[in-house]
Amino acid sequence: MASMSLLALTACAGGDEGTPTLSWYTNPDAGGQAAIAASCTEAADGAYRIETVSLPREAASQREQLARRLAAKDASIDLMSLDPPYIPELAEAGFLAPIPEDKVEVFSEGVLEGALAGASWRDELVTAPFWANTQLLWYRVSVAEEAGLDLESGAVTWEQLIEAATEQDKLLAVQGAKAESFMVWVNALVASAGGQIVTDPAADSETLQLGLDSEAGRAAAEIVGRIGSEGLGGPGMATADENANLSTFQSDSGSFMVNWPFVWPATVSAVEGGTLEEPLLDDIGWALYPRVTEDAEPAPPLGGINLGVGAFSEHTDLAYEALECIVAPENQVEYFISDGNPPSNEAAYDDPQLAEEFPMAETIRESLELAVPRPQTPYYNELSIGLQETWYPASSVDPETTPVEATDKILSVLRGEALL
Amino acid sequence: MSGGRGRGAAVAAEQDSGRDEAATAARSDRAKAEARLGWMLAGPAFVVMLAVTLYPILQAVYESLFKFRLTAPDERSFVGLGNYGVVLSDPVFLRSLAVTTGIMIVTVVIEVVLGFALALVMHRAIKSLRGVLRTAILVPYGIITVVSAFAWFYAFDINSGFVNSWFDWVPGIDENLNWFADTWTSLAVIIASEVWKTTPFISLLLLAGLAQIPTELEEAASVDGATWWQRMRRVVIPNMKAAIMVAVLFRALDAFRIFDNVFIMTNGAHGTEVLSLLAYKTSIGRLEIGMGSAISVLLFLCVIVICVIAIKLFKVDLAGARGEQK
């Protein structure tokens, strides 16, 4: 390691200015990561310079690009923003540089439970938690009042939402498009029903076991199928992603929506820009993610971004120095305010600025404590696509057959006996 | 040319056999030099072609014999033709093959008819309009496929599209029609965008064919009292058969490799997955290099089969279309 960084240093000394440049491959955002890169470059005082490189918009495409570059031992990847479900695959392939022991403590201290789990693989921290995302239930106060639902106290079930929407002839905004967001929804339903999509995530492709063909799997299929076949998601449901959901929710037929917190700043700026009416903001409420049954725990989806260091980087030491600066709680607060992405560090939530900008910050933190990650397996991509292939469109989901079909399909794909 | 040369040589032989031998030797020297020059001129391009096409093809064939996942390089193992067995027996592949073939046939048929009409318009247009008309017709072909796919996608999209509100007087179209939530409506939009985008190409090839027909033929036919339809059927179309077949072949091969429109609009949802997309998803998305290569090789074989069918069965004469003599 020492000789490597020495080599790198001498190599760079020949270049202009002699300051090593770290490339940070970021997921597209509203510019917050670039701002943090600039402030950390300044703080480094010449020790390194961070440059951001933008990855594709879709999480699956980000994985595609990073995995292909890393498989070709791309030395230009120093830092990368990673979606948690894809971390096991990269870690298992040896594409992530191991975290130095003294940094493990730094990166995990005060981090929310769910975010920490998402940053680890085989009980070892392999990435640094940066921001943690979770979905809330967003509701139109007027619709909830008319339905007589007391959402302030929490504990609402999908059944109640379906009834309220049916009675008032309104639309439920759920992610029904054939995309990763559909998997996020199904996973949350299965988890809230007390099940797991993968029962032994660390198993290899030949022995992996799925938990879809179970009571929990059928309960999830029941809800997805009912919303789909009764048309409660509206005519656009089969192509609705998170952004389409937001437009549905903001429209007159909006009622309830499960979605990430970005919807709040997006709606506020639309109102400020004059494209939406002011009273809409007062009609929007938020609560914890809905449960499958009354006595079940809600299992809100967990998202976010963790930061990894490329195994083939020439500056792994410096990259970890830079990471320490990037994930500092004050940067996480900045990032939440600028981009709407919630901090992974508990301390960040104590910042008074947060409560002002995000009245739902406390609910987000509560939700993050309950959040359940998507299955952490190196075969996550196959799992997610296989589930989308069999569960999509929502209107075709049948609790008796769909979970069994999905299990057969995914397992035969993993054994290399079928195409996806 | 060669006939003339032969006759000349025969005359020369009668006059002086000794001189003829020298002439033959000189000609063959010249022929050799010409052949050498030909190779020298075409050689670099030929080498580059081999490097960028043959090498990847061979590599794909080689990779297709392995079970190999990019993120698990250590588990690479030789499986022989196993991948081909899985692919060929999988309903996903067979469905993609059927969808791809269907799209190819429908688009090519529509495009030939439309393209022929456009070629006629361009051919007959008065001189002052010709330039403007040709440019207008060629514009869609100049647009990048991904861009045109996005334009069509947003036009038909249920949230941002205008098609539903403009055409709500058409039975079956209303504001709640989600074009990309059903196989047939998705395919209709995909095919329509493909036709819009590539008809200019086919009409350009057909225009070249039309221009080759001597005007005397048509004039003679019309003097004989042939109607417009008879002139088309008996004079124009038979005379441009080579151009039509080449246009059909090129477009069929192109249409068989359709990717962008499907990728942007549905990404294969609702049974609209085509072969190129399946190959892409397997090797690039799932990083299954072995299985993905097998699909690519099969796609390549399909393209060759289409070529062979077109050339052998329909006797497409590639040289004839360029106006060369046999």
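Since every read-out is calculated from the coordinates, none of them should be taken as a lab result. Keep in mind that this is a model prediction, so the values were computed, not measured. Reconstructed Cβ throughout: ideal geometry from the backbone, glycine too, with neighbour counts over all protein chains shown.
Amide H to amide H, which residues 5 or more places from residue A:156 or on other chains are under 5 Å from it, using H placed in the peptide plane?
A:291
Per residue of chain A, what 222 nm ellipticity follows from adding -39500 (n - 2.57) for every DSSP H run with n ≥ 4, rounded to the nearest 500? Let's see the in-between values first.
Details: 19 runs with 190 residues, N = 420.
Computed ellipticity for chain A at 222 nm equals -13500 deg cm²/dmol.
If each residue's Cβ is checked for other Cβ atoms within 10 Å, how do A:325, A:40, B:307 rank with the fewest at the top?
Fewest to most other Cβ atoms nearby, the residues stand as B:307, A:325, A:40.
Rounded to whole Hz and in sequence order, give me ³J(HN,Hα) for region A:220-233 from the Karplus expression 6.51 cos²θ - 1.76 cosθ + 1.60, θ = phi - 60°, writing x for Gly and Pro.
5, 4, 4, 5, 4, x, 5, 4, x, 6, 8, x, 6, x
Roughly how tilted is helix A:59-71, in degrees to the nearest 10 and between 0 and 90, from the longest Cα axis of chain A?
Here the helix axis deviates by roughly 30 degrees.
Between rounded, prolate and oblate, where does the protein assembly as shown land on the alpha carbon gyration tensor, with a ≥ b ≥ c its root eigenvalues, rounded for a/c under 1.5, else prolate if a/b exceeds b/c? Intermediate values should be presented prior to the final figure.
Details: a/c = 2.25, a/b = 1.61, b/c = 1.40.
Here the protein assembly as shown falls in the prolate category.
Run lengths n ≥ 4 of DSSP H only: what is the helix-derived mean residue ellipticity at 222 nm for chain B, with -39500 (n - 2.57) per run over all residues, to the nearest 500?
The per-residue figure over chain B is -22000 deg cm²/dmol.
Please identify, among A:31, A:304, A:194, the residue showing maximal mean-square fluctuation in a Gaussian network model of chain A using a 10 angstrom Cα cutoff.
Comparing A:31, A:304, A:194 in the GNM, the peak value goes to A:31.
Using a ≥ b ≥ c from the Cα gyration tensor of chain A (square roots of the eigenvalues), is it rounded, prolate or oblate, where a/c under 1.5 gives rounded and otherwise the larger of a/b and b/c decides, a/b for prolate? Numbers along the way, then the final one.
Working: a/c = 2.18, a/b = 1.41, b/c = 1.55.
Taking the square roots of the gyration eigenvalues as a ≥ b ≥ c, chain A is oblate.
In nm, to one decimal, how far is the modelled label at residue A:105 from the one at residue B:78, with both set 7 Å along Cα→Cβ?
Simple spin-label model gives 5.2 nm for this pair.
Pop a pseudo-label 7 angstrom from the Cα along the beta-carbon direction at both residue A:282 and residue B:257 and give the gap in nm to one decimal.
6.1 nm
Per the Debye formula with a single identical scatterer at each Cα and no solvent contribution, what log10 I(q)/I(0) holds for chain B at q = 0.08, 0.09, 0.12, 0.15 Å⁻¹?
Summing over Cα pairs of chain B leads to -0.58, -0.71, -1.05, -1.29.
Please check: in the Gaussian network model of chain B (C-alpha springs, under 10 Å), which one of B:261, B:159, B:239 has the largest mean-square fluctuation.
Maximum fluctuation in the GNM of chain B, among the listed residues, is at B:159.
Do any GluC sites (Glu not before Pro) in region A:361-420 lie in a loop, going by DSSP, with at most 16 other beta-carbon atoms within 10 Å of their beta carbon, and if so which?
Answer in residue order: A:400, A:417.
Near residue A:305, within a Cβ-to-Cβ distance under 12 Å, what is the net charge of the other residues, with Lys and Arg +1 and Asp and Glu -1? All intermediate terms of the calculation are to be shown ahead of the outcome.
Details: positive: none; negative: A:29, A:83, A:339.
That sum, taken over residues with Cβ under 12 Å, equals -3.
Arrange A:384, B:222 by Cβ neighbour counts within 10 Å, fewest through most, would you?
Lowest to highest Cβ neighbour count: B:222, A:384.
Could you tell me which of A:114, A:251, A:201 has its Cα farthest along the dipole of chain A towards the positive end, charges placed at Cβ (Lys, Arg +1; Asp, Glu -1), taken about the Cα centre?
A:201
Assuming a ≥ b ≥ c are the square roots of the Cα gyration tensor eigenvalues, decide whether region A:190-337 counts as rounded (a/c under 1.5), prolate (otherwise, with a/b larger than b/c) or oblate.
Cα axes put region A:190-337 in the oblate bin.
Once you list every other residue whose beta carbon is under 13 Å from the beta carbon of residue A:226, what net charge do they have if Lys and Arg are +1 and Asp and Glu are -1?
-4
Tell me, what is the FRET efficiency for residue A:57 and residue B:130 to the nearest 0.05, using R0 = 30 angstrom and their Cβ-Cβ distance as r? Intermediate values should be presented prior to the final figure.
Details: r = 44 Å, r/R0 = 1.47.
The formula returns an efficiency of 0.10 here.
Quick one: which residues, 5 or more positions from residue A:173 or on another chain, have an amide H under 5 Å from its amide H? H modelled 1.01 Å from N in the peptide plane, none for Pro or chain starts.
Under 5 Å from the amide H of residue A:173: A:255, A:256, A:257, A:258.
Could you tell me which of the pairs A:409/B:67; B:67/B:312; A:170/B:281; B:241/B:281 are separated by over 27 angstrom between their Cα atoms in the structure shown? Each step should come with its number before you reach the end.
Numbers: A:409/B:67 19 Å; B:67/B:312 37 Å; A:170/B:281 37 Å; B:241/B:281 39 Å.
As for pairs spanning more than 27 Å Cα to Cα, those are B:67/B:312; A:170/B:281; B:241/B:281.
What is the helix-to-structure angle for A:180-192, meaning the angle in degrees between its Cα long axis and the longest Cα principal axis of chain A, kept from 0 to 90 and rounded to the nearest 10?
With rounding to tens, the tilt is 70 degrees.
log10 I(q)/I(0), Debye, Cα-only region A:287-420, no solvent, q = 0.10, 0.12, 0.21 Å⁻¹?
With one equal scatterer per Cα and no solvent, log10 I(q)/I(0) is -0.56, -0.75, -1.18.
Nearest 10 degrees is fine. How inclined is helix B:17-49 to the longest principal axis of chain B, computing both from alpha carbons?
So the inclination is approximately 20 degrees.
Fewest first, what order do B:273, A:206, A:330, A:159 take by the number of other Cβ atoms within 10 Å?
A:206, A:330, A:159, B:273
Within a 10 angstrom radius of each residue's Cβ in B:286-299, how many Cβ atoms of other chains show up on average? Whole number is fine. Intermediate results must be reported in sequence, preceding the final value.
Details: counts 8, 8, 5, 1, 1, 5, 1, 0, 1, 1, 0, 0, 0, 0.
Per-residue shielding by partner chains comes out at 2.
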